[in-house]
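Okay, so here's the structure we're looking at.
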Amino acid sequence: MTPNVENALKAATDTKALLVGRGVLREAAPLFKEQFGDKRALIVADTTTFGIAGRDVSEFLRQGGVPQDEAFVFSEPEMHAEYHHVEALAERLRATDAIPVAVGSGTVNDLCKLAAHLVERPYMIVGTAASMDGYTSFGASITADGAKQTFNCPAPRAVLADLDIFARAPADMTAAGYADLFSKVTAGGDWLVADMLAVEPIIPRAWDIVQGGLADALGDPAGVRAGDAVALGKLVEGLMLAGFAMQYSRISRPASGAEHYISHLWDMEGHRYRGHGVSHGFQVAVGTVAILAFYEQLFKHDLAALDIERCCAAWPELAKVESDAMAEFGSTVFRDRVLSESRAKYINKEQLAAKLALVKQNWIALKPRLEKQLLPVAEAQRLLRLAGAPAEPEDVGASRAQLRRALTVAPMLRNRVTVLDLAHYTGLFDTCIDGLFGKGGRWEI
């Protein structure tokens, strides 16, 4: 375990043990006993992950003297993190005092995380792919009432990541993990923006946990794609650190910005490509490129020279914001949620004037920090492609018009300020969008 991970583990509020390395699956029983004593275990997996590692974990637990209930295996052929699966697992857990041992990656982990919380029980996760940052994170991303939502729930008590198993995972899953970690570049930018606007101040320790080793973790995308043990180990460490940052701060802000809301929108709308759902990481990859491109458009303007009076005069009333939200989502099952988030985010003209004063005061200092935090779009695309991740909307079956709409409606989805909101505040949103999708733009339509 590297010093970065050791320090992050000390800062964690929920996770007490992390075991990462080659061949560590055999240590499942000692790890379980260390954290849960003589409790019974209950393997939670889907049909794929049970075959990949669940059966072996069960055997290693048996050999180590850990009593077990019969495994709970989700049987749907294409599993998604939907609330009815949480309810089914929680019902099973209520019938036993066994500790759930999730075996899988994003979906299985999130389902088990929330179900364990509902029955007030800790759990353990045995990862099967370096596909996302949620192993060590606080909160579970679950689709409920038609919308992707983050439910507050503790991170696992113990995490086991066998790099030999991760190396055998499908290449697309590892590429998705690289892309999910890459999104911390723009998430960091958006946090700097929110900090400037006095909305969500930077939490220094959480920032250092996720951002401190980010460049190194992302530094060998070709090695990640080839399954190089060193490169994969650094990626896994980066993903774990991102989760620890969320766990320490109890919010997802350290690891999630506007790029994630593009993915959430496409999840909500059931976006598919070649007959299958697109992974979170791949959607976030496109979202990250789009947000980097949006920042490049915004950087063309001197926000220190804003005309605050003009911006406030053009600012819409709440009724207009509600009308726009209804026009986009009024006929959908998540209408009420979008309206609620839009209303909570709305600020009046007096509040807007105060925020724009902060922009004028701080932009000269903030812009170089953002430029240091972010990457040029071309470089981001190069790195993502080397890892095997998408870099253009067409790579995930999304049209340029779909990407434009995603950027337009993303601010409606959550009461969290990002660069998209900064562009709205400054009256530059339409100009930036036209710069990307208008004549001569990167994604000219």
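Give me the count of lysine pairs in region 288-363 whose alpha carbons sit under 16 angstrom apart, restricted to pairs 8 or more positions apart or on different chains. Lysine pairs satisfying the spacing and distance rule in region 288-363 number 4.
Take the chain, connect every pair of alpha-carbon atoms lying under 10 Å apart with a spring to form a Gaussian network, then pick out the residue of 69, 110, 46 with the largest mean-square fluctuation. Looking only at 69, 110, 46, the biggest GNM fluctuation is shown by 69. Rounded to the nearest 20 debye, the dipole magnitude of the chain is 500 debye, with +1 charges on Lys and Arg beta carbons, -1 on Asp and Glu beta carbons, and the Cα centre as origin.
Between the Cα long axis of helix 335-345 and the first principal axis of the chain there is an angle of about 60°, rounded to the nearest 10. Mean residue ellipticity at 222 nm, helices only, the chain: -16500 deg cm²/dmol; runs of at least 4 DSSP H residues each add -39,500 (n - 2.57), and the sum is divided by the number of residues. Kindly identify region 3-169 as rounded, prolate or oblate by the Cα gyration tensor criterion: order the square roots of the eigenvalues as a ≥ b ≥ c, call it rounded if a/c is under 1.5, otherwise compare a/b with b/c, prolate if a/b is larger, else oblate. Here region 3-169 falls in the rounded category.
Under the convention that each Lys and Arg Cβ holds +1 and each Asp and Glu Cβ holds -1, the size of the dipole of region 272-423 around its Cα centre is about 260 debye. Between the entries (i) 22.5, 65; (ii) 21.9, 72; (iii) 31.0, 104, the label attached to Rg and Dmax of the Cα atoms in Å calculated for this structure is (ii). Computed over region 304-376, the P(r) curve from all C-alpha pair distances, binned at 5 Å from the origin, holds 3, 14, 17, 14, 13, 14, 15, 7, 1 percent per bin.
Our summary gives the chain a relative contact order of 16 percent, counting only alpha carbon pairs under 8 angstrom and 6 or more residues apart. Each 10 Å bin from zero holds the following percent of Cα-Cα pairs in region 74-173: 16, 50, 30, 4. Between the alpha-carbon centres of region 300-334 and region 79-136 there is a gap of 39 Å. What does the C-alpha gyration tensor say about the overall shape of region 256-297? Classify as rounded when a/c is under 1.5, otherwise prolate if a/b is larger than b/c, or oblate. Cα axes put region 256-297 in the prolate bin. Look at the dipole of the chain built from charges on Cβ: of 79, 270, 128, the Cα furthest out on the positive end belongs to 128.
For the chain, the antiparallel share of DSSP beta bridges with both residues in that region comes to about 25%. Comparing 368, 254, 221 in a Gaussian network model of the chain, where Cα atoms under 10 Å apart are tied by springs, the biggest mean-square fluctuation is seen for 368. Its residue count N fixes a reference of 2.2 N^0.38 Å for region 138-203, and the Cα radius of gyration divided by that reference is 1.49. With a Förster radius of 25 Å applied to the C-beta separation of residue 171 and residue 78, the computed FRET efficiency comes to 0.85. About its Cα centre, region 87-196 has a charge dipole of approximately 200 debye under the convention of +1 per Lys or Arg Cβ and -1 per Asp or Glu Cβ, with nothing else charged.
Rounded, prolate or oblate: which fits region 306-432, taking a ≥ b ≥ c as square roots of the Cα gyration tensor eigenvalues, rounded meaning a/c under 1.5, else prolate when a/b beats b/c?
oblate
Modelled this way, with points 7 Å down the Cα-to-C-beta line, the labels at residue 13 and residue 97 are 2.8 nm from one another. Working from Cα pairs under 8 Å separated by at least six residues, relative contact order for region 267-386 is 38 percent.
Modelled this way, with points 7 Å down the Cα-to-C-beta line, the labels at residue 332 and residue 372 are 3.8 nm from one another.
Most mobile of 51, 213, 238 per a Gaussian network model of the chain (Cα springs, under 10 Å)? In the Gaussian network model the winner is 51. Highest average first, the peptides 306-319, 393-406, 85-98, 275-288 ordered by how many other beta carbon atoms sit within 10 Å of their residues are 275-288, 393-406, 85-98, 306-319. Positive end of the dipole of the chain (Cβ unit charges, origin at the Cα centre): among 352, 295, 65, the Cα lying farthest that way belongs to 352.
Inter-part distance, region 1-75 to region 177-254, computed on C-alpha centroids, equals 24 Å. For region 243-301, applying the loop criterion from DSSP together with a ceiling of 16 other beta carbons within 10 Å to the GluC sites (Glu not before Pro) yields 269.
Quick note: the coordinates plus some simple rules give every number you see, no bench work behind them. Here the structure is a predicted model, which is why all the values come from computation and not from measurement. Positions of Cβ are generated from backbone atoms using ideal geometry, with glycine treated the same way; all protein chains shown enter the neighbour counts.
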